[in-house]
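A.B. asks: Would you mind keeping the following structure in view while I ask a few things?
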Amino acid sequence: MRSFASDNYSGVHPEIMKAIMDANEDHMSSYGADPVSADAVELFRDIFGKQAQIFFLTTGTATNTLILRHLCKSWNSVICSEDAHINVDECGAPENMGIKLMLAETVNGKITVETIKPLVPSEADVHRAQPAVISITQNTELGTLYSVDEIKSICDFAHSKGLYVHMDGARIANAAAALGASFKEMTVDCGVDVLSFGGTKNGCMCAEAAVFITPEAGENFEYLRKQSMQLISKMRYVGAQFKALLTNELWKRNAAHSNTQARKLAEKAGAIEGVKITRPVEANGVFAIIPAHAVEKLQERFPFYVWDEQSGEVRWMTSWSTTDDDIDNFCAALTEII
Ligand SMILES: Cc1ncc(COP(=O)(O)O)c(C=O)c1O
């Protein structure tokens, strides 16, 4: 099967698979006390600073939810976009852990200081949940990007109100490759406090990391991770993946390829009569409206998701493994079906 459903449909990149195989020698200490995981943590610290606290987990949902749980007291809330994965696609995991989400008005997946402001009370009010965190997604669920300046202005505002900034970076590699900015420029230098760093969508498997750039925010997180059943016993296999991803810029090669393929797909599909590209294509997601009769027939040949049942908008994702043939074959099928 070839698909445009999600970057999760792609396999594991061969260099990552080799790293897993290479780590599969002899016995090693468990629960992260192995040399391979230690090397990976050092690579993260080379990027995010020696003070950063790094924790590996297996899913993006667990990473986001446990970070937010850790940053919030029971009376706190988290401000996010109405399109945020934590709001729409985590089956209420944050709410199930007692986290109140407050939704800011959103344009093309992005929130701004102006749309956040009305949710932050000017004075403490005992009757209201008190915001503790602003969570943004980079790149957004709608395939758009926050510029470095936009991230910085959200961080400046958050810090002026005593709030933390969390970035859901399930696709942060795609964002960095597209913006031509380093991970550090998009996070540390802007003032982001905590990052969910995604590996899975960029060629890894079950490899996500909670990166506490502001180290005190991460204090004792290891206990919450264990209590929440996310402390991985054979951690070396996750460590090996991150070590490979962060070596020789594999993260950038994978993400840049994925982004390029999205642009090619948007150009080629967008030129077909009856197809309208609906969002700016800034990373590896393409959103479109196609004739309603074509959706199911096309899905039978190339799985993808209908993003919005009401408008009929569909989402096509590319990945490190999307080939030119995939795009040509998909567009040929689309033309034929229309
Ligand atoms: C923006 C975003 N955050 C987080 C995730 C991670 O979710 P999962 O729990 O499926 O690994 C995803 C996956 O689709 C995502 O798109």
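None of the figures in this text is laboratory data; all of them are computed from the coordinates on show. What you are looking at is a predicted structure, and each value in this text was computed from that prediction instead of being measured. Backbone-built Cβ (ideal geometry, glycine too); neighbour counts: all protein chains shown.
A.B. asks: So how long is each side of segment 74-144 along the principal axes, counting just the alpha-carbon atoms, biggest first, in Å?
C.D. replies: Computed over segment 74-144, the largest-to-smallest principal extents equal 38, 29, 14 Å.
A.B. asks: How big, in percent, is the set of alpha carbon pairs in segment 102-206 lying more than 19 Å apart? Walk me through the intermediate numbers first.
C.D. replies: On the way: 2310 of 5460 pairs.
That tail contains 42 percent of the Cα-Cα pairs.
A.B. asks: In percent, how large is the relative contact order of the chain, given Cα pairs closer than 8 Å and 6 or more residues apart?
C.D. replies: Computed over the chain, the figure is 25 percent.
A.B. asks: Using a cut-off of under 19 Å, list every residue of segment 230-259 whose amide N is near the label point 7 Å from the Cα of GLU42 along the Cα-to-beta-carbon line.
C.D. replies: So the set is 235-250.
A.B. asks: Any idea what diffusion coefficient segment 250-337 gets from Stokes-Einstein, in µm²/s, Kirkwood Rh on alpha carbon pairs, 37 °C, 0.692 mPa s?
C.D. replies: The diffusion coefficient I find is 252 µm²/s.
A.B. asks: With a Cα-only, solvent-free Debye model of segment 35-89, what are the log10 I(q)/I(0) values at q = 0.13, 0.21, 0.24, 0.28 Å⁻¹?
C.D. replies: Listed by q, the Debye log ratios stand at -0.48, -0.92, -1.00, -1.09.
A.B. asks: For segment 136-271, what's the radius of gyration and Dmax over Cα atoms, in angstrom?
C.D. replies: 16.1, 53
A.B. asks: With equal scatterers on the alpha carbons only and no solvent term, can you work out the Debye log10 of I(q)/I(0) for segment 1-127 at 0.16, 0.21 1/Å?
C.D. replies: -1.08, -1.27
A.B. asks: Per-residue ellipticity at 222 nm for the chain, helices alone: DSSP H runs ≥ 4 residues times -39500 (n - 2.57), over residue total, nearest 500 deg cm²/dmol?
C.D. replies: Mean residue ellipticity, 222 nm, calculated: -11500 deg cm²/dmol.
A.B. asks: Let me ask something else about it. With all pairs of different alpha carbon atoms counted, what Kirkwood hydrodynamic radius in Å does segment 186-243 show?
C.D. replies: 12.7 Å
A.B. asks: Using modelled backbone amide H atoms (1.01 Å from N, in-plane), which distant-in-sequence or interchain residues come within less than 5 Å of SER81's amide H?
C.D. replies: The answer is ALA104.
A.B. asks: Test of the criteria: in segment 48-128, which trypsin sites (Lys or Arg not before Pro) are in a DSSP loop and have at most 14 other Cβ atoms within 10 angstrom of their Cβ?
C.D. replies: LYS50, LYS73, ARG128
A.B. asks: Bin width 5 Å, alpha-carbon pairs only: give the P(r) of segment 258-308 as whole percents, running from 0 to the bin holding the largest distance.
C.D. replies: Final binned percentages: 4, 20, 28, 31, 14, 3.
A.B. asks: I would also like to ask the following. Averaging over all projection directions, find the projected area of the Cα convex hull of segment 185-338 and quote it in nm² with one decimal place.
C.D. replies: Details: hull surface 47.7 nm².
The directionally averaged projection comes out at 11.9 nm².
A.B. asks: In which sequence would MET186, MET167 go, from the one with the fewest C-beta neighbours within 10 Å to the one with the most? All intermediate terms of the calculation are to be shown ahead of the outcome.
C.D. replies: Working: MET186 24, MET167 29.
Placing the least packed residue first, the sequence is MET186, MET167.
A.B. asks: Give the shape of the chain as rounded, prolate or oblate, defined through the alpha-carbon gyration tensor: a ≥ b ≥ c are the square roots of its eigenvalues, a/c under 1.5 means rounded, and otherwise the shape is prolate if a/b is larger than b/c and oblate if not.
C.D. replies: oblate
A.B. asks: With Kirkwood's inverse mean 1/r over C-alpha pairs for Rh, give me the Rg to Rh ratio of segment 203-283, two decimals please.
C.D. replies: 1.17
A.B. asks: Among PRO118, ALA207, GLY285, flag the residue with its Cα farthest along the positive direction of the charge dipole of the chain, charges on Cβ as +1 for Lys/Arg and -1 for Asp/Glu.
C.D. replies: It is ALA207.
A.B. asks: Restrict the search to segment 108-204; then list the GluC sites (Glu not before Pro) that DSSP places in a loop and that have at most 13 other Cβ atoms within 10 Å of their Cβ.
C.D. replies: Working: sites: GLU114, GLU123, GLU141, GLU150, GLU185; in loops: GLU123, GLU141.
Taking segment 108-204 and a limit of 13 other Cβ atoms within 10 Å, the loop GluC sites (Glu not before Pro) found are GLU123.
A.B. asks: Take the alpha carbon atoms of segment 272-320, find their center, do the same for segment 208-222, and report the distance between the two centers in whole angstrom.
C.D. replies: So the separation of the two Cα centres works out to 37 Å.
A.B. asks: Starting from segment 253-322, pick out the GluC sites (Glu not before Pro) whose DSSP state is loop and whose Cβ has at most 15 other Cβ atoms within 10 Å.
C.D. replies: GLU273, GLU309
A.B. asks: Next question. Counting Lys and Arg as +1 and Asp and Glu as -1, each charge on the Cβ, what is the dipole of the chain about the Cα centre in debye, to the nearest 20?
C.D. replies: Details: 30 positive and 44 negative charges, 66 e Å.
With Lys and Arg at +1 and Asp and Glu at -1, about 320 debye.
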